[in-house]
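Nothing in this text is a laboratory measurement; each read-out follows from the coordinates by a stated rule. Source: prediction; values computed, not measured. Cβ coordinates were reconstructed from backbone atoms using ideal geometry, including for glycine residues, and neighbour counts include every protein chain displayed.
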Amino acid sequence: MEKRLSELKPGEKGVVSKVVGDREVRRRLLDMGLTRGTEIIVVRRAPLGDPVEFLLKGYNLSLRKRESENVYVLVGEGKE
């Protein structure tokens, strides 16, 4: 099932399927390592829900909710 990265809860993981948004936002997210096929795990959310910390490619990345809404991930059986 495909979900937005912002919809995942702490402890959940998925594989990046696509990155959308305007050119600058998309380029910035791709430069941070959010490329297709990358496994990503939600580490934790800030108390008020923004930002969210993710683990990917051996490093931790914090994104604001509005940024993580531009990333779609595949979650579910066979992807964990």
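Given R₀ = 22 Å, FRET efficiency for E24-K65 by Cβ-Cβ distance, to 0.05?
0.75
Give me the compactness ratio for the chain, meaning the Cα radius of gyration over 2.2 N^0.38 Å.
Compactness ratio reported: 0.98.
Please work out the C-alpha center-to-center distance from region 1-32 to region 47-75 and express it in whole Å.
Computed from Cα coordinates, the inter-centre distance equals 7 Å.
Based on Cβ point charges of +1 for Lys and Arg and -1 for Asp and Glu, what charge dipole magnitude is obtained for the chain about its Cα centre, in debye rounded to the nearest 20?
So the dipole magnitude of the chain works out to roughly 160 debye.
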